[in-house]
Amino acid sequence: MEIAWLGHSCFRLKGKETTVITDPCPPGTGYSLSNIQVDIVTLSHSHPGHCYTEAVTTEFKEINAPGEYEINGAFITGIASFHDADQGEERGNNVVYLLEIDGMVLCHLGDLGHLPSSDLMEAIDDTEVLFVPVGGISTINGSIAAEIVRRLSPRIVIPMHYKTPVSVGDLEPIDKFLKDLGSREVISKPKISLNRSSMPANNQVIILDYSN
């Protein structure tokens, strides 16, 4: 599987049988998406920065709600959560996605706004690759993100939804998350290729370069 970061909370997950894009972001976020060719689009919520499906030029299956889905060999589970720490009263709901692709288990937390409940943590306990928001303001901040990583202990952690040189809007940079996590192994790459045999034995933070 090849994983590329397209900006904000948007990733392209290219497996052997299917390609998924998560939370496609519009130009207003500072990132540029166009001519995206995928089979599946997952949307964690309907806020403008996370549902720019206009960038997708192929026929695709849109998943935007909790439930279980099987498409082109990918097994996807949407799990209800909240966009804030007040049961959704401030910003509404959020869907966390657990994706089983090419024999690996990935979890995209979307715009999670709270420390997960014990039920949610149990549901995503098998996560091997975790996409976690770390920029605060409208999601969990670096401290809470670091706590989630410590509890889940995924093999690979990929931060998202944080301030970068091209991003627009008020988000915190990635530094606080890295400091709170105390990670000694941080790798920066333009994209990553994974398979079952290449998964690291210990927790590894990978900072993906923005690519369009």
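Derivation of every value follows stated rules applied to the coordinates shown; laboratory data play no part. These numbers were taken from a predicted model, which means no experiment stands behind them. Cβ coordinates were reconstructed from backbone atoms using ideal geometry, including for glycine residues, and neighbour counts include every protein chain displayed.
Nearest 5 is fine: what % of DSSP beta bridges in segment 2-208 come out antiparallel, could you say?
On the way: 29 of 50 bridges.
Counting only bridges with both partners in segment 2-208, antiparallel ones make up about 60 percent.
Which whole-number percent gives the relative contact order of the chain, counting Cα pairs below 8 Å spaced six or more residues apart?
18 percent
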Rel. contact order, % - alpha carbon contacts under 8 angstrom, at least six apart, segment 87-212: 21 percent
Most to least packed among 40-48, 193-201, 28-36 [average Cβ atoms within 10 Å]: 40-48, 28-36, 193-201
Using a Förster distance of 30 Å, the FRET efficiency for Tyr69-Glu147 (Cβ separation, nearest 0.05): 0.55
Ile137 versus Ser198: modelled label distance in nm, points set 7 Å from Cα along the beta carbon direction: 3.3 nm
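Helix-only mean residue ellipticity at 222 nm, the chain, DSSP H runs n ≥ 4 weighted -39,500 (n - 2.57), per residue, nearest 500. What is it?
Per the formula, -3000 deg cm²/dmol.
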Net lengthening on full extension, Glu59/Glu89 (0.36 nm per residue, minus Cα-Cα): 7.3 nm
Centroid-to-centroid separation of segment 138-212 and segment 49-69 [C-alpha atoms, Å]: 23 Å
Cβ-placed point charges (K, R +1; D, E -1), dipole of the chain about Cα centre in debye, nearest 20: 800 debye
Relative exposure of Cys107, Cys51, Cys10, judged by other C-beta atoms within 10 Å (fewest first): Cys51, Cys107, Cys10
Candidates per trypsin sites (Lys or Arg not before Pro) in segment 151-189, loop by DSSP, up to 14 other Cβ within 10 Å: Arg184
Virtual paramagnetic centre 7 Å along Cα→Cβ of Glu17, amide N under 19 Å, in segment 58-72: 60-63, 68-72
Compactness index (Cα Rg / 2.2 N^0.38 Å), the chain: 0.92
